[in-house]
């Protein structure tokens, strides 16, 4: 019964994720192959294919010092993640082992908000069936007026 419910949920998510007009905000996308994300209020939801042996979050990157006046942050930043849930379990953004490769150190502020920036490519747990990412910050990019933004992604490979 639980497996059938999960399969129905995955079909609904994939149908929503591949619907015409679905587009990523802030130049962030989440998709294996050519599927598009289900975007919900600053979050990304994806159900990667079962045969994925590697999954990674891919995004454009920016250097705040290059695009924001008065900013001295020279890091190359990808996606600002406030929550990462894999198969219904929230991963602790403070876990430096889980977020070793492709991620910047954990950050927080005096108001209790917390986040972790990805780099342009960040691995996600292989074999994941449902990935939910809450995006809590935005990237800033120089774009030519006639340029069409590149689609960024979570890539999965068998």
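The values are calculated or read from the model by the stated rules, or taken from the named source; none is laboratory data. Predicted model, so just to flag it, every value in this text is computed and none were measured. Counting neighbours? That spans all protein chains shown, and the Cβs are built from the backbone with ideal geometry, glycine included.
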Here are some conditions: (1) over 22 Å from residue 61 (Cα atoms); (2) touching a strand residue (DSSP E or B) at 6+ places or on another chain (Cβ under 7 Å). Residue 124 meets all but one. Which one does it not meet? (1)
Say we look at segment 36-73 and pick out the residues that are at pLDDT below 75, outside any strand (DSSP E or B) and in contact with a strand residue (DSSP E or B) (Cβ under 8 Å, 6 or more places away or on another chain); which of these is surrounded by the most Cβ atoms within 10 Å (Cβ to Cβ)? 37
Checked 94, 111 against criteria (at pLDDT 90 or above, surrounded by fewer than 16 Cβ atoms within 10 Å (Cβ to Cβ) and touching a strand residue (DSSP E or B) at 6+ places or on another chain (Cβ under 8 Å)); the one match is 94
